[in-house]
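Peer 1: Encoded as structure tokens, here's the structure I'll be asking about.
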Amino acid sequence: MDNALNRKEFLKKFSLMGVAAVGASTLITACGGGGEQTETAQAPAASAADPCTDVSGLTENDLQMRANVNYVEQTEIPEQRCDNCQLYKQPENGGCGGCLLFAGPVTAAGWCSSWVPNQG
Ligand code: SF4
């Protein structure tokens, strides 16, 4: 009788451990811990012809900030350009323009989803 109970107890605990293992595995995978598939911002290929598109010196965080606002070097909305945005930093000494929101070069013809019409 004791053996039957012990076997039952053992099987019950063993099956619960299996459920817990499958659940933990599913949870780890759902949280992105199951592999090297984390999505990170990537630097677009730098153009040798235009240093204002070279982001090779930026950090992952800088690149992520640019990606967060969907920055592009060439606007698709002609009336919304970086050089008519309130947050645009004019080029200095023949350099590239910039943006108050993130680090790195910004093209005059660029755009992002945080565009603000220039009041001046
Ligand atoms: Fe360009 Fe956006 Fe910065 Fe305005 S906020 S200057 S549109 S990148």
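Peer 1: Looking only at region 73-95, count how many residues are more than 9 Å from the ligand (Cβ to nearest atom) and either more than 24 Å from Ser56 (Cβ to Cβ) or under 24 Å from the mean Cα position of the chain (by Cα) (or both).
Peer 2: Keep residues of region 73-95 that are more than 9 Å from the ligand (Cβ to nearest atom), which gives 73-74, 76-79, 90-95.
Applying the additional criterion that residues be either more than 24 Å from Ser56 (Cβ to Cβ) or under 24 Å from the mean Cα position of the chain (by Cα) (or both) yields 73-74, 76-79.
Count: 6.
Peer 1: So, in region 95-104, how many residues would count as being part of a loop (DSSP other than H, G, I, E, B) and surrounded by 20 or more Cβ atoms within 10 Å (Cβ to Cβ)?
Peer 2: Of the residues in region 95-104, the ones part of a loop (DSSP other than H, G, I, E, B) are 95-96, 100-104.
Imposing the further condition that a residue be surrounded by 20 or more Cβ atoms within 10 Å (Cβ to Cβ) reduces the set to 102, 104.
Selection size over region 95-104: 2.
Peer 1: Quick one: in region 81-94, of everything that is in contact with a Pro (Cβ under 8 Å, 6 or more places away or on another chain) and not in a strand (DSSP E or B), which residue is surrounded by the most Cβ atoms within 10 Å (Cβ to Cβ)? So that I can check it myself, show each step before the final result.
Peer 2: Applying the first criterion (in contact with a Pro (Cβ under 8 Å, 6 or more places away or on another chain)) to region 81-94 yields 84-86.
Imposing the further condition that a residue be not in a strand (DSSP E or B) reduces the set to 84, 86.
Values: Asn84: 15, Gln86: 12.
Restricting to residues being in contact with a Pro (Cβ under 8 Å, 6 or more places away or on another chain) and not in a strand (DSSP E or B), the top hit is Asn84.
Peer 1: Any idea which residue in region 69-90 is farthest from Asp50 (Cα to Cα), counting only those that are free of Cβ contacts under 8 Å to residues at least 24 places away in the same chain and not acidic (Asp, Glu)?
Peer 2: Filtering region 69-90 for residues free of Cβ contacts under 8 Å to residues at least 24 places away in the same chain gives 78-79, 89-90.
After this cut, where a residue has to be not acidic (Asp, Glu) as well, the list is 78, 89-90.
Details: Pro78: 21, Lys89: 18, Gln90: 16 Å.
Of everything passing the filter in region 69-90, Pro78 is farthest from Asp50 (Cα to Cα).
Peer 1: Working only within region 105-120, note down all residues that are part of a loop (DSSP other than H, G, I, E, B) and either among the aromatic types (Phe, Trp, Tyr) or within 10 Å of the ligand (Cβ to nearest atom) (or both).
Peer 2: Restricting attention to region 105-120, the residues satisfying the condition of being part of a loop (DSSP other than H, G, I, E, B) are 105, 107-110, 112-116, 118-120.
The answer is Thr107, Ala108, Ala109, Gly110, Cys112, Ser113, Ser114, Trp115, Val116, Asn118.
Rule-based calculations on the coordinates, nothing more; no lab input. Values in this document were obtained by computation on a predicted structure and should not be read as measured data. Glycine gets a Cβ as well: all are built from the backbone with ideal geometry, and neighbour counts include every protein chain shown.
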